[in-house]
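Enquirer: After the structure tokens below, expect a handful of questions from me.
The values are calculated or read from the model by the stated rules, or taken from the named source; none is laboratory data. Only a predicted model underlies this, so the values are computations on that prediction, with no experimental measurement involved. Glycine also receives a Cβ, built like all others from the backbone with ideal geometry; neighbour counts cover every protein chain displayed.
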Amino acid sequence: MKVLQIEFNELSPQLLTQFMAAGELPNFRRLHDTSHVFTTDARAEPPNLEPWIQWPTVHLGVSHLQHGLRHLGGAPQADSSPQESMRLPGVAQLASDAGLRVGVFGAMNIPYRELSGFYVPDPWNAAAVASPDSLQPFMRTVGAMVRDSSRTEGTTPGAGLPAFVAFLLRHGLTPRTVSVVLRQLLDERRDAGLRWRRASVLDWIQYDIFRYYARRERVDFATFFSNSTAHYQHYFWRHMDPAAFETPPEQSDHASYADAVRYGYRSMDRIIGRMLADYPRTVLVFCTALSQQPWTSATKQTYRPRDWAAILRLVGLSERDVDVRPVMAEEFLMRFPTEAEAIRSYEAYGRLAVEGVPLMQFTREGNALIGGCAITHTGIADGRITGTGDGSEPRMDEVFTPIHTVRSGRHKSEGALWIRTGDHRIHPDPVDLEDIAPTVLELVGVPPAPHMTGAPLPIGQSALRR
């Protein structure tokens, strides 16, 4: 393999530096000290500072103002031109079209078409199709688990676990990963409060499958994406550093949350160690696209529906009337048979409230509604939902359940970009995300596409001679 792009979503450059200095991340340190080290700037502010917006920029080489991808699922914003959205080829497509073998594993919100290798779409896109076909059992199960990861009881209906296990046994599952899985299951039997660690276990499983297909398909260029530690930062930063926050963690929160963020970084460090051993002569491009910072004043609590039937009943709908699927955290997508039905439901949901506060927040795009619960504060469990279609007033906690804890990490436009060439140099000036795609293409010997607005970064010729 010539180049491996490691996409560890939203890791913090500051925490990486802090944890490396403390000796907690030896493999990140090895990678850092043999790399050109850049800091990226997404040059975006909320609501355009989201991973499903920044990762398309990394792959497409254009800003969010051009690619138009604003929501998970690979659909461009309605007002973006078709020439400047999904039709732009990303780095993997360009490399594939140039005759290279390519593998994409989980790249967020990038709807690639057929590649000359393998393609695992991001798990939030239920409509995307993995290739080759042998990946379908894996994609079906991981997609169901990730899209439903806000469940707290640890179960995922319709995940297809028997077929998933059979797939893993035939496609590269290693004894080391089996040990990680068994240890997690035993820990959960002793203490169910440790279920949050499953996201890191999934990283191990996914890397095994990535290795198997990268070797089988003999790829020249590949990408590997993980979101586990971003999730921990969003919910558990407050527990790691309670003194920095205006509101301390709840005393009832599980004690293990205090180590959750560090646990995520240590787990990813072990994955980096495996990559360094598996690909000693490959140019490793480690990037985070954006990062997180402590949300010290936040009291944001997010909520998800207890079940789809309950949320549909509020406006007189049933699961026969609409296709509903989870997206991420509190967000879900509702797709109606017609645009007129979507408009009527949008208006009906707009009439719902709890204690005078709007209950739902949706964006309508054609015949689909994307959104979720608009209430983001605590102490609302016994509030009554008004404005329902049948006049009933159910309690908030009869329809919704809180997701984990109060949010305590928020997005930051700064990101990490390390390019392992064997040389070590720290570049002090921030670079644009748009520069990553042409840099990667140069590393694999493919010219940048005309639409790309960035330029290859100055890393010298050492990597190109490998």
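Enquirer: For segment 262-293, which residues satisfy the criterion of being part of a loop (DSSP other than H, G, I, E, B) and either buried (at least 16 other Cβ atoms within 10 Å of the Cβ) or β-branched (Val, Ile, Thr) (or both)?
Expert: Just the residues of segment 262-293 that are part of a loop (DSSP other than H, G, I, E, B), to begin with: 279-282, 288-290.
If the condition is that a residue be part of a loop (DSSP other than H, G, I, E, B) and either buried (at least 16 other Cβ atoms within 10 Å of the Cβ) or β-branched (Val, Ile, Thr) (or both), then TYR279, THR282, THR288, ALA289, LEU290 are the ones that fit.
Enquirer: Restricting segment 228-247 to residues that are at pLDDT 95 or above and polar (S, T, N, Q), which is nearest to the chain's Cα centre (by Cα)?
Expert: Residue satisfying both the conditions and the ranking: SER228.
Enquirer: Ok, one more. Among the candidates LEU443, LEU417, LEU457, which residue alone is within 22 Å of LEU276 (Cβ to Cβ), touching a Cys at 6+ places or on another chain (Cβ under 7 Å) and either in a helix (DSSP H, G or I) or at pLDDT 95 or above (or both)?
Expert: Criteria check complete, one pass: LEU417.
Enquirer: In this structure, is THR299 polar (S, T, N, Q) and not in a loop (DSSP other than H, G, I, E, B)?
Expert: Taking the combined requirement at face value, the residue does not satisfy it.
Enquirer: Would you mind telling me which numbered condition in (1) in contact (Cβ under 8 Å) with a residue 60 or more places away in the chain; (2) out of contact with any Gly (no Cβ under 8 Å at 6 or more places or on another chain); (3) not in a loop (DSSP other than H, G, I, E, B) ASP259 fails?
Expert: Unmet condition: (1).
Enquirer: Restricting attention to segment 420-439, report how many residues are more than 11 Å from PRO458 (Cα to Cα) and either in a loop (DSSP other than H, G, I, E, B) or small (Gly, Ala, Ser) (or both).
Expert: So the answer is 8.
Enquirer: Report, by residue number, each residue of segment 205-245 that is of a type in the set (A, V, I, L, M, F, W, C), in a helix (DSSP H, G or I) and farther than 14 Å from GLY106 by Cα. Show your work before the answer.
Expert: So in segment 205-245, the residues of a type in the set (A, V, I, L, M, F, W, C) come out as 205, 209-210, 214, 219, 221-222, 224-225, 230, 236-237, 240, 243-245.
Restricting the remaining residues to those that are in a helix (DSSP H, G or I) gives 205, 209-210, 214, 230, 236-237, 240, 243-244.
Hits for segment 205-245 are ALA230, PHE236, TRP237, MET240, ALA243, ALA244.
Enquirer: Ok, one more. Return the total of residues in segment 1-52 being of a type in the set (D, E, K, R), farther than 19 Å from LEU290 by Cβ and touching a strand residue (DSSP E or B) at 6+ places or on another chain (Cβ under 8 Å).
Expert: Total satisfying the criteria: 1.
Enquirer: Might you let me know whether segment 380-388 holds any residue that is closer than 30 Å to HIS231 by Cβ, among the β-branched types (Val, Ile, Thr), part of a loop (DSSP other than H, G, I, E, B) and over 23 Å from the mean Cα position of the chain (by Cα)?
Expert: yes
Enquirer: Further, regarding this structure: Does segment 176-196 include one or more residues that are in a loop (DSSP other than H, G, I, E, B) and closer than 30 Å to ASP253 by Cβ?
Expert: At the first step, the residues of segment 176-196 found to be in a loop (DSSP other than H, G, I, E, B) are 191.
So of that shortlist, the ones also closer than 30 Å to ASP253 by Cβ come out as 191.
Looking through segment 176-196, at least one residue is in a loop (DSSP other than H, G, I, E, B) and closer than 30 Å to ASP253 by Cβ.
Here is a yes/no grid of residues against (1) surrounded by fewer than 23 Cβ atoms within 10 Å (Cβ to Cβ); (2) touching a helix residue (DSSP H, G or I) at 6+ places or on another chain (Cβ under 7 Å):
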position: ARG30; (1), (2): yes, yes
position: THR34; (1), (2): yes, no
position: ASN48; (1), (2): yes, yes
position: ILE53; (1), (2): no, yes
position: LEU65; (1), (2): yes, no
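Enquirer: Does THR401 satisfy the condition of being of a type in the set (S, T, N, Q) and part of a loop (DSSP other than H, G, I, E, B)?
Expert: In short, no.
Enquirer: Since VAL327 meets every condition but one in (1) at pLDDT 90 or above; (2) surrounded by 14 or more Cβ atoms within 10 Å (Cβ to Cβ); (3) among the hydrophobic types (A, V, I, L, M, F, W, C), which condition does it not meet?
Expert: Checking VAL327 against (1) at pLDDT 90 or above; (2) surrounded by 14 or more Cβ atoms within 10 Å (Cβ to Cβ); (3) among the hydrophobic types (A, V, I, L, M, F, W, C), the one that fails is (1).
Enquirer: Now for a separate question. With the condition kept exactly as written, say whether any residue in segment 371-378 is closer than 26 Å to SER252 by Cα and either hydroxyl-bearing (Ser, Thr, Tyr) or assigned to a helix (DSSP H, G or I) (or both).
Expert: yes
Enquirer: List the pairs whose first member sits in segment 123-137 and is of a type in the set (Gly, Ala, Ser), whose second member is surrounded by fewer than 15 Cβ atoms within 10 Å (Cβ to Cβ), and whose Cβ atoms are under 7 Å apart, counting only residues at least 6 apart or on separate chains?
Expert: From segment 123-137, the pairs are SER131/GLU114.
Enquirer: State yes or no: is TYR213 of a type in the set (Ser, Thr, Tyr), within 22 Å of the chain's Cα centre (by Cα) and at pLDDT 95 or above?
Expert: Taking the combined requirement at face value, the residue satisfies it.
Enquirer: Next question, about the same structure. Which of (1) closer than 30 Å to ASP390 by Cβ; (2) touching a helix residue (DSSP H, G or I) at 6+ places or on another chain (Cβ under 9 Å) is the odd one out, the single condition ALA260 does not satisfy?
Expert: Among (1) closer than 30 Å to ASP390 by Cβ; (2) touching a helix residue (DSSP H, G or I) at 6+ places or on another chain (Cβ under 9 Å), ALA260 violates only (1).
Enquirer: Let me ask another. All but one of (1) modelled with pLDDT under 95; (2) aliphatic (A, V, I, L, M); (3) surrounded by fewer than 24 Cβ atoms within 10 Å (Cβ to Cβ) hold for MET20; state the number of the condition that does not hold.
Expert: MET20 satisfies all of (1) modelled with pLDDT under 95; (2) aliphatic (A, V, I, L, M); (3) surrounded by fewer than 24 Cβ atoms within 10 Å (Cβ to Cβ) except (1).
Enquirer: Please go through segment 204-219 and pick out each residue that is buried (at least 21 other Cβ atoms within 10 Å of the Cβ) and not aliphatic (A, V, I, L, M).
Expert: Correct list: TRP204, GLN206, TYR207, PHE210, TYR213.
Enquirer: Kindly indicate the residue of segment 354-408 that is touching a residue at least 60 places away in the same chain (Cβ under 8 Å), closer than 15 Å to THR302 by Cα and among the small types (Gly, Ala, Ser) and also surrounded by the most Cβ atoms within 10 Å (Cβ to Cβ) among those meeting that condition.
Expert: Ranking the qualifying residues of segment 354-408, first place goes to SER408.
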